[in-house]
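The values are calculated or read from the model by the stated rules, or taken from the named source; none is laboratory data. Just so it is clear, the model here is predicted, and its values are computed rather than measured. We place every Cβ from the backbone using ideal geometry, glycine too, and count neighbours over all the protein chains shown. Ligands, DNA and RNA are excluded from the accessible area calculation, which covers all protein heavy atoms including side chains. Shrake-Rupley method; radii C 1.70, N 1.55, O 1.52, S 1.80 Å.
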Amino acid sequence: QVQLAESGGGLVQAGGSLRLSCAASGIIFSDNVMGWYRQAPGKQRDMVARITPGGSTAYADSVKGRWTISRDNGKSMIYLQMSSLKPEDTAVYYCNAVHMRLAHYPEQGSWGQGTQVTVSS
């Protein structure tokens, strides 16, 4: 059974930093594209950052240059280092794992429970 467990969310002031972590189990981690998505109240869930098994990354325009996604294949973990946080980054952040054969269809992958990030102004 696939399990994705996020941690590291919380309340931070604008301009601050947080690091999110996601521990994966029940999958062959090195076969999966991993990603972070977020959903703000009343909005759809959007991609924030993704990382392939080989380490190639993609970011939403809104976070480019501010945030960094990374993965540790030996620990089956991914991380999202978030800096220069803004109030508009407030959302629930979800970890996603999808087999690389389905890389274009993350919705067919697995999701964590989410972790709340709140940025105060």
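Evaluating S62 against the criteria (1) in contact (Cβ under 8 Å) with a residue 60 or more places away in the chain; (2) in a loop (DSSP other than H, G, I, E, B); (3) of a type in the set (G, A, S) leaves one unmet condition, (1). Scanning segment 58-72 for residues that are polar (S, T, N, Q) and surrounded by 15 or more Cβ atoms within 10 Å (Cβ to Cβ) yields T68, S70. Taking segment 73-121 as the region of interest, the strands (runs of 3 or more DSSP E) fully inside it that hold 3 or more residues being over 19 Å from G54 (Cβ atoms) and open to solvent by 10 Å² or more (accessible area, probe 1.4 Å) are 115-120. If you go through segment 27-54 and keep only what is assigned to a loop (DSSP other than H, G, I, E, B) and either charged (D, E, K, R) or open to solvent by 60 Å² or more (accessible area, probe 1.4 Å) (or both), you end up with I28, P41, G42, K43, Q44, R45, G54. Applying a threshold of 7 Å to beta carbon distances and a minimum spacing of six or more residues, or different chains, the list of pairs starting in segment 70-90 at a residue that is without any contact (Cβ under 8 Å) to a residue 24 or more places away in the chain and of a type in the set (S, T, N, Q) and ending at one that is in a strand (DSSP E or B) and open to solvent by 30 Å² or more (accessible area, probe 1.4 Å) reads S70/Y79.
Only residues that are acidic (D, E) and farther than 17 Å from E88 by Cβ were counted in segment 2-56, giving 2.
When segment 1-26 is filtered for residues that are over 21 Å from D61 (Cα atoms), open to solvent by 40 Å² or more (accessible area, probe 1.4 Å) and not in a strand (DSSP E or B), the ones remaining, listed by number, are Q1, V2, G26. The set of residues from segment 67-91 being within 15 Å of the chain's Cα centre (by Cα) and more than 13 Å from V117 (Cβ to Cβ) comprises T68, I69, S70, R71, D72, S76, M77, I78, Y79. Pairs meeting the criteria (first residue in segment 15-37 and closer than 16 Å to R66 by Cβ, second residue among the polar types (S, T, N, Q) and part of a loop (DSSP other than H, G, I, E, B), beta carbons under 7 Å, at least 6 apart or on different chains) are G15/S84; S17/S83.
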